[in-house]
Amino acid sequence: MPFVTKLTFQSGDRDALDRVVDDIKHSAEQKGVELKGPHPKPTSDLHVPQKKRLDATEGFDNWRYTVYSREIEIHGNDEFARQVAGDDYPSSIHIEADVKQTRGMGR
């Protein structure tokens, strides 16, 4: 039975994220792999409080960080999906994989 592998890439570095996702898309096109995406997801803006001292009386402005996300779906071709999920990426990029088994009609 075929599998659908959904890969979610997240990073605070938008350019690096787009380069990685574009490289994967280009590689899939060359190998004839059925790939859907990349689909951009809404950005997440994180705010982290920073303190000048151990007590909570004084602090700096909050540290702000934007996280960009892209999703790719690979249909079938388990070997390509395994290769992409196991590749080494820059440390600024986080990857999550979700694998689902699909069934044909009438089964």
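The values are calculated or read from the model by the stated rules, or taken from the named source; none is laboratory data. Computed from a prediction, not measured in an experiment: that's the story for all the values here. Because the Cβ atoms are built from the backbone with ideal geometry, glycine has one as well, and the counts that use them run over all protein chains shown.
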| said: Can you say whether LEU7 is closer than 18 Å to LYS100 by Cα and under 11 Å from the mean Cα position of the chain (by Cα), as far as the supplied structure shows? | reply: yes
| note | Here, strands (runs of 3 or more DSSP E) confined to region 1-95 with at least 3 residues that are in contact (Cβ under 8 Å) with a residue 60 or more places away in the chain, touching a strand residue (DSSP E or B) at 6+ places or on another chain (Cβ under 9 Å) and not acidic (Asp, Glu) are 3-11, 59-75
| Would region 89-99 turn up any residue that is at pLDDT below 90 and not aliphatic (A, V, I, L, M)? | no
| query | Looking at this structure, is VAL33 surrounded by 13 or more Cβ atoms within 10 Å (Cβ to Cβ), in contact with a Ser or Thr (Cβ under 9 Å, 6 or more places away or on another chain) and of a type in the set (A, V, I, L, M, F, W, C)? | reply | yes
| message | With the requirement that a residue be buried (at least 19 other Cβ atoms within 10 Å of the Cβ) and not aliphatic (A, V, I, L, M), what does region 69-88 give you? | response | ARG70, ASN77, PHE80
